[in-house]
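The values are calculated or read from the model by the stated rules, or taken from the named source; none is laboratory data. Because the structure is a prediction, the values reported are computed rather than measured. All Cβ positions, even for glycine, are placed from backbone atoms using ideal geometry, and neighbour counts span all protein chains on display. Just the protein is used for accessible areas: all its heavy atoms, side chains included, with ligands, DNA and RNA removed. Shrake-Rupley method; radii C 1.70, N 1.55, O 1.52, S 1.80 Å.
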Amino acid sequence: LRNARADSSIYRYMLITLFNHYGKSNIMGLDAVQVYLAEQYYLRDAWWSDAKFLADLKDRVEKTKPLLIGQKAPDVELMVIPSDHFMRAAQDTALRRFPHVGTKVMLDQLKGGYIVLVFWEADCGHCKKAIPDLYNIYEKSLKGMGVKVLAISTLFGEDGKIKWVNFVNEHKMYDWINAWNPYSYDFKLKYDIISTPQIYILDENQQIVAKKIGPE
């Protein structure tokens, strides 16, 4: 690309082609290449792009860069709900919708071993299959390996709490860590949750080692 700057047409063709190629890649981690191309070339040199596209690209880079593989996972505040609350709420409508329950936990406090972060919604079509599948994998293998699974519901409000409780009880997903935050959207912003489910794997240092994968 540096050498191609001598010819503006070739440079433009090469930059657009490479930028789009790595943006569409199905190989995990190659989004880092697109971020690099955006920062080092596109945002500096793309005279052919309008101001809105470049502003949107700058925003996308700022959201994506902290979530690249190898980065320390962004710390977020969550409310962890104990299993017995879900069980009791199955028979108690008022308790099922009650949002002020649980223990406040920062992600950074969950030290030791690997962590699977999964962001999901009870009324998401893909989640209805993927989340029970992931729970079965957790029960059969991950739990025995000492891997924590932090299952974070992204629904809000009383209606979201009811859907969440019903789904957890239906599939008896009591053994992993069930969490949400009914008071803040911060975790959705930090992890760029546009669609669900979203899965991240963190190592013992809470560095991101895998992301945007299915349960299998």
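Filter segment 64-79 down to residues that are out of contact with any Lys or Arg (no Cβ under 8 Å at 6 or more places or on another chain) and surrounded by 14 or more Cβ atoms within 10 Å (Cβ to Cβ) and give me whichever is nearest to residue 210 (Cα to Cα). So the residue we want is 68.
Taking segment 187-201 as the range and being surrounded by 14 or more Cβ atoms within 10 Å (Cβ to Cβ) and over 19 Å from residue 69 (Cβ atoms) as the test, the residues that pass are 187, 188, 196. The set of residues in segment 83-99 being assigned to a loop (DSSP other than H, G, I, E, B) and either surrounded by 14 or more Cβ atoms within 10 Å (Cβ to Cβ) or touching a residue at least 60 places away in the same chain (Cβ under 8 Å) (or both) consists of 90, 98, 99.
Please work out if residue 154 is under 16 Å from residue 200 (Cβ atoms), in contact with a Ser or Thr (Cβ under 8 Å, 6 or more places away or on another chain) and surrounded by 15 or more Cβ atoms within 10 Å (Cβ to Cβ). If you could, list the steps in order and put the result at the bottom.
Working: under 16 Å from residue 200 (Cβ atoms): yes; in contact with a Ser or Thr (Cβ under 8 Å, 6 or more places away or on another chain): yes; surrounded by 15 or more Cβ atoms within 10 Å (Cβ to Cβ): yes.
Yes; evaluated as a whole, the condition is true for this residue.
When segment 24-39 is filtered for residues that are over 24 Å from residue 190 (Cβ atoms) and either charged (D, E, K, R) or touching a Leu at 6+ places or on another chain (Cβ under 8 Å) (or both), only 24 remains. When you look at residue 215, is it open to solvent by less than 50 Å² (accessible area, probe 1.4 Å) and more than 17 Å from residue 114 (Cβ to Cβ), yes or no? Taking the combined requirement at face value, the residue does not satisfy it. Scanning segment 52-63 for residues that are more than 17 Å from residue 12 (Cα to Cα) and open to solvent by 80 Å² or more (accessible area, probe 1.4 Å) yields 52, 58, 60, 62, 63.
Among the residues of segment 147-161, is there at least one that is more than 16 Å from residue 99 (Cβ to Cβ), touching a residue at least 12 places away in the same chain (Cβ under 8 Å) and more than 14 Å from the chain's Cα centre (by Cα)? Yes, because at least one residue in segment 147-161 is more than 16 Å from residue 99 (Cβ to Cβ), touching a residue at least 12 places away in the same chain (Cβ under 8 Å) and more than 14 Å from the chain's Cα centre (by Cα). Against the list (1) modelled with pLDDT under 95; (2) under 24 Å from residue 158 (Cα atoms); (3) more than 17 Å from the chain's Cα centre (by Cα); (4) open to solvent by less than 60 Å² (accessible area, probe 1.4 Å), the condition residue 124 fails is (3).
Residue 42 meets the stated requirement of being out of contact with any Asp or Glu (no Cβ under 8 Å at 6 or more places or on another chain), part of a helix (DSSP H, G or I) and surrounded by 15 or more Cβ atoms within 10 Å (Cβ to Cβ).
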